[in-house]
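The structure appears below as structure tokens.
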Amino acid sequence: MKKILSLTALVTLVVLIATGCGGALVQNIDNSGYISDKKLSLSKVEATIKKGAMRRGWISKRIKPGLLEVRNNVRGRYLVVLNISFDTRGYKIMYKESQNLKYDPQTNKIHPNYNKWVANLERDINYELSKIGVMGNESARNVTTISSSSSTTASTSLNTSNYSKSSASINTNGKTIYMKSIIPYAKGNRIAPNIKQECQIDKQLAEFIQQYAMQQGLTVKFKNNIGSNDLYLKVQIDDAISQGGAFRGHNKYTAISGVLVQGKKSFGSFKAARISGGGFWGAYKGSCSVLVRTVDTLGKDVAGWLFSPMDNAMLGDASRIRY
């Protein structure tokens, strides 16, 4: 009987660990394209969001044009602070901070009531928008639960302002494309030191891009000293997040950006990201092996883009990552 009780207790413990003790992943709401049928000024959108927030006691503070901070002290005990960024096409609701809601930045889990309050706020904002004639585009809605607001923002993407856009498209077939054998990390990135030290995604990403590009008949060569006449695929790793583990499951992504240039002319640019939970038996894989899955798929994404470059392309899961 004691053995049965011990086994039951062990199973219960494992279940509690695996489920994060009942917490819920923080949800960020992306309604960037919600306002698609009506022309509104930025000030009108701001006023409408504030009006919607007031319906359930959210207090709004303008941080700058296009950004509000809203907070609600629920029942005088639970404090929630959010950022709402907006433009004339829509808005985003993002977690900023909280008190007494057991928020865990490592797992990005919080008391389940948090997501209910955010969902109510979204409904109230949409209700106020409907009152001024906005027919909301529900298909544009996107909910992300990958990580907290402090880590879902990728580092600054590749600066392309030094290049002028070529008026002509480029046929990369038959040309030699050069790239660095080690993809640099973005300046000012917040990528954890252990990822840089223990993983080799900077080297593996370059190899995957070359491998998949060559499978498409393209010629990609590594060259660290790029000449002004070389056709150069310039890529950087903007962000790499590694959260979770064996019991909680993996919650990881890699975000990159790139541009195809020759001298001072650019022939297209992209942002790309891939999110992975580890795939089959993912819970039992190491962090580096899961991140390798993301750069492998990113290699395919970039190779596909390289076959027919276009400007400002969003590849893979890039729309789910805030740059």
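Ranked by how many other Cβ atoms sit within 10 Å of their own Cβ, fewest first, the residues Lys131, Lys223, Lys109 fall in the order Lys131, Lys223, Lys109. Divided by 2.2 N^0.38 Å, where N counts the residues, the Cα radius of gyration of the stretch 65-117 comes to 1.23. Across the stretch 164-320, Cα-Cα distances exceeding 22 Å account for 40% of all pairs. With neighbour counts taken as other beta-carbon atoms within 10 Å, the residues Leu40, Leu260 rank, fewest first, as Leu40, Leu260.
Note on Lys116: aspartates and glutamates with a C-alpha under 15 Å away, same-chain residues under 8 apart excluded, are Asp124. Using the Kirkwood formula over every pair of different C-alpha atoms, what hydrodynamic radius in Å results for the stretch 21-144? This gives a value of 14.7 Å. Simple point charges give the picture: +1 on the Cβ of Lys and Arg, -1 on the Cβ of Asp and Glu, and for the stretch 164-320 a dipole about the Cα centre of about 200 debye. Exposure proxy for Ile191, Ile35: other Cβ atoms within 10 Å of each Cβ, ordered fewest to most, give Ile191, Ile35. Bridging of Lys300 to lysines at a Cα separation below 24 Å is possible for Lys175, Lys180, Lys196, Lys203, Lys221, Lys223, Lys234, Lys252, Lys271, Lys285, once same-chain residues fewer than 8 apart are set aside.
Rule-based calculations on the coordinates, nothing more; no lab input. Computed from a predicted model, the values in this text were never measured in an experiment. Note that we place each Cβ from the backbone using ideal geometry, even for glycine, and neighbour counts take in every protein chain shown.
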